[in-house]
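Asker: Provided herewith is a single structure, encoded as structure tokens, for subsequent inquiry.
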Amino acid sequence: NRLRGLPPGPTPWPFIGNTFQVPEDRIDLVINEFKKKYGGIFTLWLPFPTVVICDYDMLKRNIVKNGEAFSGRPDTFIMDMLVQGNYGLFFMENNWWKAQRRFTTHIFRSLGVGQAGTQDTIASLASGLVEKIDEEKGDSIELRPLLVHVVGNVIHKHIFGFTREWDETEIHDFHVAINDVLEHFTSPKTQLLDAWPWLAYLDKPLALGIPRTTRANDAIIQNLEQALAKHKSGINYDEEPSSYMDGFLKEMKIRAAENALEDGFTEKQLIVAIYDLYSAGMETIIIVLRFAFLYLVNHPETQKKIHEELDRHVGRDRRVVMDDQKHLPYTCAFLQEVYRLGYVLPVNFLRCTLSDVEDCEGYRLNAGTRVIAQFQSVHVDKKHFADPEHFNPDRFLNSKGEYVRDDRISPFSMGKRSCLGENLARMEVFLYFCTLLQNFEWHTDGPRAPPIDVITSSLRAPKRFTVRATRR
Ligand code: HEM
């Protein structure tokens, strides 16, 4: 590291670097250990030298203030294997990315994301969810499959223009397949393949899971291609787009007429962009909501306060809307605490520098250096949060009981590559959570609350747990 002018870090092994010192099921915890030893910036060889930035001020100074330089994504073996290159919204690192990101933000806004349109979609799905939970009559329930349907349907509606019924299986099938694809997606072991692609032949001994990943990936692509073919045959180009797919196809047509296809408006890009939106917009939100209910039943005093607040400001008859946030400080503080401890990505997606960075905390990073903006470390940093492992929403209320939004909690990351779906995700989490609390009292399923145990792979989620809900 010294020879290359990189920040210090644990000694790498030849060929494999630090790969086996950062096991994927504890990667966030190991990074926090290295932070104690090396500080807020250090180098891990995975197996390419990768600069990890995990201190709040350092993240602000570099990832945010020098955002453009830190907005690249490296080429990876896994993306080549799955979609034969850097397509889609996550991993595109070329001039297309800006145009694609701008287009997606624009079309989402025109479809009502962050506004009344999406709020209505969520409200209608939430009332279906309440009915489903009612049918259980206080019996033991696992929230996950129910959430797959309602959360999956929101992104499905925005992408395809319609929702699916409870007895249709498409959304659940996608959910199963995407979880297979994501199993080892960001694992340091998978990154070994970036340097040594032939290691793919050692799939079994290295437990890389490649056959399962490719099987699930092929099924997803095939389904999306079929959906696209069906959609194309029914589209009316003269109408306002009612879905992402419509909007994209219309944009393709306009650009073809103007001979301006250079920003990547192709069918291949459409398929992978939908793949990204669908996968990013489903399991992440489900996990946050599951964390919310797990903490809720572990801290019954919080449920009482949220119920009181909802009864006082919303009542039990009208539906909850985003504007209610102003009057629900405790609920907002509770959810911010859930976002703090229930971070969904154990390790952030890889970035790389697009240009030479002369001074990154005293080090010079060449263009193309891999970087991890590890905001999760800040969430549990003692310097920022007293007793960080303890779940305590009160930390986000001031002396007047008002909610204080805290920039140090950044579950959607920061800088130019921060989450594109943040508004949609925050809306879903708030509306689904509040609707379920407005209608039900939540209990542990058994004498003791389920432990706060997590499973970590590319995503970090609570282990399976069940709860009971009784009508209020
Ligand atoms: C609670 C839910 C969610 C969480 C915690 C989350 C978190 C994240 C994080 C940490 C990143 C990586 C940023 C980086 O590289 O620094 C990201 C990127 C992204 N997210 Fe989300 N996300 C969520 C929901 C969504 C939703 C609902 C969508 C879309 C509908 C979405 C679409 C994306 C996309 C497209 C990117 C890539 C952005 C880029 O590279 O320019 N996410 N998200």
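The values are calculated or read from the model by the stated rules, or taken from the named source; none is laboratory data. From a predicted model like this one, the values you see are computed outputs, not experimental measurements. Positions of Cβ are generated from backbone atoms using ideal geometry, with glycine treated the same way; all protein chains shown enter the neighbour counts. Quick note on the areas: whole protein, heavy atoms, side chains included, nothing else; ligands and nucleic acids left out. Shrake-Rupley method; radii C 1.70, N 1.55, O 1.52, S 1.80 Å.
Conditions (1) of a type in the set (A, V, I, L, M, F, W, C); (2) touching an Asp or Glu at 6+ places or on another chain (Cβ under 9 Å); (3) on the phi > 0 side of the Ramachandran plot; (4) open to solvent by 10 Å² or more (accessible area, probe 1.4 Å), marked per residue:
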site: Met282; (1), (2), (3), (4): yes, no, no, no
site: Gln303; (1), (2), (3), (4): no, yes, no, yes
site: Val320; (1), (2), (3), (4): yes, no, no, no
site: Tyr339; (1), (2), (3), (4): no, no, no, yes
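Asker: Then there's this: May I ask you to list the residues in the range 9-51 that are open to solvent by 20 Å² or more (accessible area, probe 1.4 Å) and part of a strand (DSSP E or B)?
Answerer: Matches in the range 9-51: Trp13, Trp45, Pro49.
Asker: Still on this structure, please answer the following. Would you pick out the residues in the range 98-124 that are small (Gly, Ala, Ser), touching a residue at least 60 places away in the same chain (Cβ under 8 Å) and either within 14 Å of the ligand (Cβ to nearest atom) or outside any helix (DSSP H, G or I) (or both)?
Answerer: Residues of the range 98-124 that are small (Gly, Ala, Ser), as a first pass: 99, 110, 112, 114, 116-117, 123-124.
Of the ones still in play, those that are also touching a residue at least 60 places away in the same chain (Cβ under 8 Å) are 99, 110, 114, 123.
Passing the criteria: Ala99, Gly114.
Asker: Let me ask something additional. Of everything in the range 341-398, what is open to solvent by 50 Å² or more (accessible area, probe 1.4 Å), of a type outside the set (A, V, I, L, M) and within 30 Å of Glu301 (Cα to Cα)? Give them in sequence order.
Answerer: Within the range 341-398, Lys382, Lys383, Asp387, Glu389, His390, Asp394, Arg395, Asn398 qualify.
Asker: Here is a list: Leu328, Leu365, Leu350. Which entry is among the hydrophobic types (A, V, I, L, M, F, W, C) and either within 16 Å of the ligand (Cβ to nearest atom) or within 19 Å of the chain's Cα centre (by Cα) (or both)?
Answerer: None of the other options fit; the residue is Leu350.
Asker: Another question about this same structure. Which is closer than 30 Å to Pro393 by Cβ and in contact with a Ser or Thr (Cβ under 8 Å, 6 or more places away or on another chain), of Val288, Val297? If you could, list the steps in order and put the result at the bottom.
Answerer: Numbers: Val288 fails: in contact with a Ser or Thr (Cβ under 8 Å, 6 or more places away or on another chain).
Result of the check over Val288, Val297: Val297.
Asker: Just to be sure, is Ile178 within 28 Å of Lys232 (Cβ to Cβ), in contact with a Phe, Trp or Tyr (Cβ under 6 Å, 6 or more places away or on another chain) and open to solvent by less than 20 Å² (accessible area, probe 1.4 Å)? Give the derivation first.
Answerer: On the way: within 28 Å of Lys232 (Cβ to Cβ): yes; in contact with a Phe, Trp or Tyr (Cβ under 6 Å, 6 or more places away or on another chain): no; open to solvent by less than 20 Å² (accessible area, probe 1.4 Å): yes.
It is false that Ile178 is within 28 Å of Lys232 (Cβ to Cβ), in contact with a Phe, Trp or Tyr (Cβ under 6 Å, 6 or more places away or on another chain) and open to solvent by less than 20 Å² (accessible area, probe 1.4 Å).
Asker: Another question, if that's okay. Using the structure shown, decide if Gly401 is open to solvent by 20 Å² or more (accessible area, probe 1.4 Å), small (Gly, Ala, Ser), in contact with a Pro (Cβ under 7 Å, 6 or more places away or on another chain) and closer than 30 Å to Asp323 by Cα.
Answerer: Numbers: open to solvent by 20 Å² or more (accessible area, probe 1.4 Å): yes; small (Gly, Ala, Ser): yes; in contact with a Pro (Cβ under 7 Å, 6 or more places away or on another chain): yes; closer than 30 Å to Asp323 by Cα: yes.
Yes, satisfied.
Asker: Now for a different question. Would you call Pro14 under 21 Å from the mean Cα position of the chain (by Cα) and either of a type in the set (A, V, I, L, M, F, W, C) or within 21 Å of Asp194 (Cα to Cα) (or both)? Break it down stepwise before answering.
Answerer: Working: under 21 Å from the mean Cα position of the chain (by Cα): no; either of a type in the set (A, V, I, L, M, F, W, C) or within 21 Å of Asp194 (Cα to Cα) (or both): yes.
Taking the combined requirement at face value, the residue does not satisfy it.
Asker: Considering only the range 137-158, I want to know if a residue exists there that is of a type outside the set (Val, Ile, Thr), part of a helix (DSSP H, G or I) and farther than 29 Å from Gly209 by Cα.
Answerer: Taking every residue of the range 137-158 in turn, at least one turns out to be of a type outside the set (Val, Ile, Thr), part of a helix (DSSP H, G or I) and farther than 29 Å from Gly209 by Cα.
Condition check ((1) touching a Lys or Arg at 6+ places or on another chain (Cβ under 6 Å); (2) surrounded by 20 or more Cβ atoms within 10 Å (Cβ to Cβ)) across all residues:
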| residue | (1), (2) |
| --- | --- |
| Asp57 | no, no |
| Ala69 | no, yes |
| Ile78 | no, yes |
| Leu111 | no, yes |
| Gly114 | no, no |
| Ala123 | yes, no |
| Ser127 | no, no |
| Gly138 | yes, no |
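Asker: Identify the residue in the range 72-97 that is aliphatic (A, V, I, L, M) and part of a helix (DSSP H, G or I) and, among all such residues, is farthest from the ligand (Cβ to nearest atom). Can you show your working first?
Answerer: The initial filter retains those residues of the range 72-97 that are aliphatic (A, V, I, L, M), namely 78-79, 81-83, 89, 92.
Filter once more, keeping what is part of a helix (DSSP H, G or I): 78-79, 81-83.
Numbers: Ile78: 15, Met79: 12, Met81: 19, Leu82: 15, Val83: 14 Å.
So the residue we want is Met81.
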